[in-house]
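Inspection log for the structure reproduced underneath, given as structure tokens.
The values are calculated or read from the model by the stated rules, or taken from the named source; none is laboratory data. On a predicted model such as this, the values are computed, not experimentally measured, just so you know. Here Cβ is always computed from backbone atoms with ideal geometry, including for glycine, and neighbour counts include all displayed protein chains. With ligands, DNA and RNA removed, areas are computed over all heavy atoms of the protein, side chains included. Shrake-Rupley method; radii C 1.70, N 1.55, O 1.52, S 1.80 Å.
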Amino acid sequence: QVQLVESGGGLVQPGGSLRLSCAASGSIFSMHAMDWYRQAPGKQRELVAAFTSGGTPTYADAVKGRFTISRDNAENTVYLQMNSLKPGDTAVYYCHAFKAPLDYWGQGTQVTVST
């Protein structure tokens with residue numbers, strides 16, 4: 001069983017930056033995938049950034065060039081660096097891990113982009 005704990009959310013002005021962290025209780029090295037999702041009020045949860053099993057990062061079109069996913073296998077932590085934040089980025093951000101056949105989710109961290 002793997003537990004995921006997100007941190008780093010908060011209130012930021014448009015154009016600002018935040019760095020989210022996802023600390024896993026177990027090894028992330030063997031995970032088939034690790035990624036970040038977000039869910040805005042009244043909307044479906046959507047994939048924001050992901051590591052495939054091959055280690056290549058991929059991004060949703062809405063965040064390309066602004067967000068960067070990274071990982072520290074030694075610390076069992078995945079990060080999401082978010083720059084040039086926009087009000088449309090406001091959402092609860094969730095860390096997700098997958099190792100067949102199991103999915104693991106964190107509790108989420110709120111990101112609010114507003115003046």
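Taking Cα centroids, how far is region 75-89 from region 20-59 in Å?
11 Å
Can you list the residues, at least 5 places off or on another chain, whose amide H is less than 5 Å from the amide H of residue 67, using H built in the peptide plane?
Counting only residues 5 or more places away or on other chains, the set is 83.
Normalising by the residue count of region 10-60, find the relative contact order in percent from Cα pairs under 8 Å and 6+ residues apart. Walk me through the numbers on the way to the answer.
Details: 47 pairs, mean separation 11.8, N = 51.
RCO, region 10-60: 23 percent.
Please identify the trypsin sites (Lys or Arg not before Pro) of region 1-109 that satisfy two criteria: DSSP loop assignment and at most 13 other Cβ atoms within 10 Å. Which are they?
On the way: sites: 19, 38, 43, 45, 64, 66, 71, 99; in loops: 43, 45, 64, 66.
Those that pass, being in a loop and sparsely packed, are 43, 64.
Normalising by the residue count of region 1-100, find the relative contact order in percent from Cα pairs under 8 Å and 6+ residues apart. Intermediate values should be presented prior to the final figure.
On the way: 203 pairs, mean separation 36.1, N = 100.
With pairs under 8 Å counted, the relative contact order is 36 percent.
Of the heavy-atom accessible surface of the chain (probe 1.4 angstrom), what whole percent is carbon and sulfur?
50 percent
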